[in-house]
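Q: I'd like to ask some things about the structure below.
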Amino acid sequence: MIPPMHILLVAPSAPPKNSPEAMQVGRFIASLHPAVRVTLVTTTPVIAGWQWEDSSLVIDRPSMTVIALSLPCHHLTQPVLANRRLSFLHSPDSEFWLPWLARHVLRRLPAMPDVIYSRAAPFSASLLARRLKALTGLPWLMHLSDPWSDSPYRQFSPRKSVKDRAQEAACFAEADMITLTTIGQADHYRARYPTRSGSIFVTPNMMPAVHPIRMSAHAPGLLRLVYTGALYGERNPETLLTALRIFREAAPEEANRIRVDFYGNASSEMVERIRKAPGCFVHGPVSFAEVSQIQAEADLLVTIEPSGEAPLLLHFMPSKNLDYIAIGKPILAITPKGSETDRLCRAGYGWAFAPDNAAELAAGLAHLVFAHKAGKITNPVPHKNALPYDAHTVTSDITKKLLSLTSSHAKKGALA
């Protein structure tokens, strides 16, 4: 039995926003025991942007109160503040204003919660939770879905990097418990903050619940690849596009048997590069319900990660990998050797190719076209490696951690 508990869930990226983090938050909420009460602190969605509102992700939970934070004229001011030209304000990110509203959150609480649970990104969620802990004295579990100051995806000036590290250090010092998504990330932070090593744990990203998907007819003999998700910065499809061109030059007839569809946000320059590549099509963002159907009709699902010198690059587990596993499709991964995704593919979930070797990928595509023609590409069989990513398993583990914090907090209060 789960004892009654009231969680103050600080998650600016939450349903119905369409983003990987929002989907993770949605799976957590949907898998919680009915006895758990939730007050969700999130932000009002804006009309446009890379976290648009997706009605297929709406969660109906009777025991949940939603506090949606916004700025005056939010639909106008938030896109302006998030503009890259104002990046000097983004400390730690474009929702830097969230900690300012801590007292506003407390005034809107329906009842005092038992524990604070923050989900980042954005990292401003951690700063808001830190402020709420200071004001209430409640225990706080800080979750980072991606590394913070050491993330290879965060490129700041030296001055801004110092502030970013200071904000991270303050949160690590004051959070009662910290969770990250992979063992490599947890080990990195245990080494960085040795005095907090005993309070740092792993709670991985979660798979979605599996729903029956209707399969539709498709062109016979066509090997269909689908990529879903945002493309930005170093996370771009250039290796795949180059491999397709190499394959086309070497064997044009066989290369015509490949079609690659991209769904998600991308810059206009990136969209143009994709459209010029053989057999590639760009569709922009679609709802989660639509993308699930599209994934079910594909032969291979693509995941893309860059190479680089940063050791943390090997310790990301993109949540789309787990979506792909849940839907029962093999992965075609462009990922560094030794990465979490590389190990997942070698465990039987697909094929992995290094980002800096387009020729190897081109040869791999030729092999996959041949295998597809021969009917030898089969869906992976779920096995024990996927069990830790089950939404109910992960949520149960998080719930136990939150209960341990509330229990410890109650004992301290009794002794005071």
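The values are calculated or read from the model by the stated rules, or taken from the named source; none is laboratory data. What you are looking at is a predicted structure, and each value in this text was computed from that prediction instead of being measured. Cβ sites come from the backbone with ideal geometry, for glycine too, and all protein chains shown count toward neighbours. Surface areas here come from the heavy atoms of the whole protein model, side chains and all, with no ligands, DNA or RNA. Shrake-Rupley method; radii C 1.70, N 1.55, O 1.52, S 1.80 Å.
Q: How would 6, 372, 409 line up by accessible area, probe 1.4 Å, largest first?
A: Descending order: 409, 372, 6.
Q: Separate question: Compute the signed sum of charges (Lys and Arg +1, Asp and Glu -1) over the other residues within less than 9 Å, Cβ to Cβ, of residue 124.
A: The answer is -2.
Q: Give a residue-ordered list of calculated ³J(HN,Hα) values for region 342-347 (Karplus: 6.51 cos²θ - 1.76 cosθ + 1.60, θ = phi - 60°; whole Hz; x for Gly, Pro).
A: Rounded to whole hertz, the list is 4, 5, 5, 5, 5, 7.
Q: Counting helices only, and only those DSSP H runs with n ≥ 4, report the 222 nm mean residue ellipticity of the chain as the sum of -39,500 (n - 2.57) divided by its residues, in deg cm²/dmol to the nearest 500.
A: It comes out at -11500 deg cm²/dmol, rounded to the nearest 500.
Q: Let me ask another. What net charge do the residues around residue 321 carry, taking every other residue with its C-beta under 12 Å from that of residue 321, with Lys and Arg at +1 and Asp and Glu at -1?
A: Working: positive: 320, 329, 343; negative: 305, 323, 340, 342.
Result for the local shell: -1.
Q: Summing +1 for each Lys or Arg and -1 for each Asp or Glu, what net charge is found among the other residues whose Cβ lies under 14 Å from the Cβ of residue 285?
A: Working: positive: 17, 320; negative: 53, 54, 261, 290.
Neighbour charge sum, excluding residue 285 itself: -2.
Q: If you don't mind, another one. Rounded, prolate or oblate: which fits region 87-151 when a ≥ b ≥ c are the square roots of the eigenvalues of the alpha-carbon gyration tensor, with rounded for a/c under 1.5 and prolate only if a/b beats b/c?
A: Oblate shape, in that a/c is at least 1.5 and b/c is the bigger or equal ratio.
Q: Where does each of 60, 342 land when they are ordered by accessible area, with a 1.4 Å probe and the largest first?
A: 60, 342
Q: While we're looking at this one, here's another question. Looking only at Cα atoms, what is the convex hull volume of region 264-416 per residue, in Å³?
A: Measuring per residue, one finds 183 Å³ for the Cα hull of region 264-416.
Q: For residue 337 and residue 371, what does the FRET efficiency come to when R0 = 25 Å and r is the distance between their Cβ atoms, rounded to the nearest 0.05?
A: Efficiency for this residue pair is about 0.70.
Q: Let me make sure I get this right: for region 257-345, a, b and c are the square roots of the gyration tensor eigenvalues over alpha carbons, sorted descending. Under 1.5 in a/c it's rounded, otherwise prolate if a/b > b/c, else oblate. Which is it?
A: Oblate shape, in that a/c is at least 1.5 and b/c is the bigger or equal ratio.
Q: While we're looking at this one, here's another question. Test of understanding: what is the full-extension gain from residue 103 to residue 35, defined as 0.36 nm times their sequence separation minus their Cα-Cα distance?
A: 21.8 nm
Q: Moving on. Show 109, 40 ordered by accessible area, largest first, where the area counts protein heavy atoms only and the probe is 1.4 Å.
A: 109, 40
Q: Using a simple charge model, +1 on the beta-carbon of Lys and Arg, -1 on the beta-carbon of Asp and Glu, nothing else, what dipole does the chain show about its Cα centre, in debye to the nearest 20? Before the final figure, lay out the partial values.
A: Details: 43 positive and 34 negative charges, 194 e Å.
Approximately 920 debye in magnitude.
Q: Another one. Tell me, what is the 1.4 Å probe accessible area of residue 253, in Å² to the nearest 10?
A: 140
Q: Something else about it: Can you tell me the length gained on complete extension of the stretch residue 310 to residue 281, counting 0.36 nm per residue apart and subtracting the Cα distance? Don't jump to the answer; show the numbers that get you there.
A: Numbers: separation 29, 0.36 × 29 = 10.44 nm, distance 3.16 nm.
Here the segment from residue 310 to residue 281 would lengthen by 7.3 nm.
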